[in-house]
1. For residue 245, work out the one condition from (1) within 20 Å of the chain's Cα centre (by Cα); (2) modelled with pLDDT under 75; (3) under 26 Å from residue 145 (Cα atoms) it doesn't fulfil.
2. Within the range 288-332, how many residues are surrounded by 14 or more Cβ atoms within 10 Å (Cβ to Cβ) and without any contact (Cβ under 8 Å) to a residue 12 or more places away in the chain?
3. Quick check on my filter: what residues within the range 190-227 are crowded, with 19+ Cβ neighbours inside 10 Å, modelled with pLDDT of 80 or more and under 15 Å from residue 88 (Cα atoms)?
4. Please pick out the residue among 197, 171 that is over 16 Å from residue 67 (Cα atoms) and in contact with a helix residue (DSSP H, G or I) (Cβ under 6 Å, 6 or more places away or on another chain).
5. Looking at (1) under 15 Å from residue 123 (Cβ atoms); (2) touching a helix residue (DSSP H, G or I) at 6+ places or on another chain (Cβ under 7 Å); (3) modelled with pLDDT of 75 or more, find the lone condition where residue 84 falls short.
6. List the pairs whose first member sits in the range 222-242 and is outside any helix (DSSP H, G or I), whose second member is surrounded by 15 or more Cβ atoms within 10 Å (Cβ to Cβ) and at pLDDT 75 or above, and whose Cβ atoms are under 8 Å apart, counting only residues at least 6 apart or on separate chains?
7. Across the range 44-67, which residue is surrounded by the most Cβ atoms within 10 Å (Cβ to Cβ) among those that are free of Cβ contacts under 8 Å to residues at least 40 places away in the same chain and assigned to a helix (DSSP H, G or I)?
8. Output the qualifying pairs, or none if there are none: Cβ atoms under 6 angstrom, residues six or more apart or on different chains, first residue in the range 396-417 and closer than 18 Å to residue 106 by Cβ, second residue not in a helix (DSSP H, G or I).
């Protein structure tokens, strides 16, 4: 059978299996095993255990559970609420300071936790009621937190970037740096829209806030500064040549646990067990998907599907930007239905040769892909962040949350366009810090 036709059959079968309700990892294994048995016979299955476990034999994977423990220990405390309060007190005299505080808190908490749902939950519990109490529209209050939570998979340290780096064998350090400026760009775009929509509402009182004494401003800093110092320390150790990403993640996880125990009195063994249990569960889920995706990639390569697609793309007389637009549409649709990790692991083996053949930078493409995944987090039918916000504020309808999130989706699309016009927004910092890529 023609490999391209076979690839289409594999794609349709994969979609059908995943939509049947089975887990992503199990679904990938079912599809991979089925097609290998069908076209290569039973003997092809002898290699599957070696491929499955071989995919996990990578020291860089250690950073995933470590960063997840780091985020879980922070999310299990009042760090999010304290971060929000600290920014509110310091930005109180800035016009629209409250909405800026919420988005700033989302950005900083996302950098600490690396989790979009955790960011929504931690900041939303404090920020949404406070914004509604002061008269902010429900759409702005809910939409800004839902969108701000998506920054968790872009601003480093990001588990999504680690997964992309492992799947494509690109530098995790470069990927982290590539997400910094685009992440800040999204924060600025989000803040700009929030302030504009607040001003447009006509309520001038929303652009003014109360006042705090200098004592009130400084007394909360000891609770949040240690966590921020850990993030800076992690990034310094990683880019200062002190330690590898995995070693840095392990130290960061330990320090976050210690600070959570010291500052927030997280001494109860039951609370510590919940942090470790949830971190283990999420880590195993991600690692299982990574291993299954390795088998899936082997199946695509063994049946010459990946090579044929790359060769076919190379023969097309198509403008590279039209090709990139088609890739973005594909990623958007995939992100509507699947979690970011699953999309990256499934799509990377196919898309990487396509984008490199078209002349695009894989580091730059990682940022484009991640922003597409961010859009999926606040778009139906899955839209995980929408449901997290609905759980925090059940009296705000899902329709209102979605409507409030749509302008932020437009901001993300604008960010993708800006990155296409100015790719240096993603590639300049990695090249400046680590030197030009070979």
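1. It fails just one condition, (3).
2. Looking only at that region, the number is 1.
3. If the condition is that a residue be crowded, with 19+ Cβ neighbours inside 10 Å, modelled with pLDDT of 80 or more and under 15 Å from residue 88 (Cα atoms), then 191 is the only one that fits.
4. 197
5. Status for residue 84: all satisfied but (3).
6. Cβ pairs passing all conditions: 242/248.
7. First, the residues of the range 44-67 that are free of Cβ contacts under 8 Å to residues at least 40 places away in the same chain: 45-46, 49-50, 57.
Now narrow it down to the ones that are assigned to a helix (DSSP H, G or I): 45-46, 49-50.
On the way: 45: 13, 46: 8, 49: 10, 50: 11.
Per the stated criteria, the residue is 45.
8. So the pair list comes out as 405/378.
The values are calculated or read from the model by the stated rules, or taken from the named source; none is laboratory data. Worth saying up front: this structure is predicted, and the values here are computed from it rather than measured. Cβ atoms come from the backbone with ideal geometry, glycine included; neighbour counts cover every protein chain shown.
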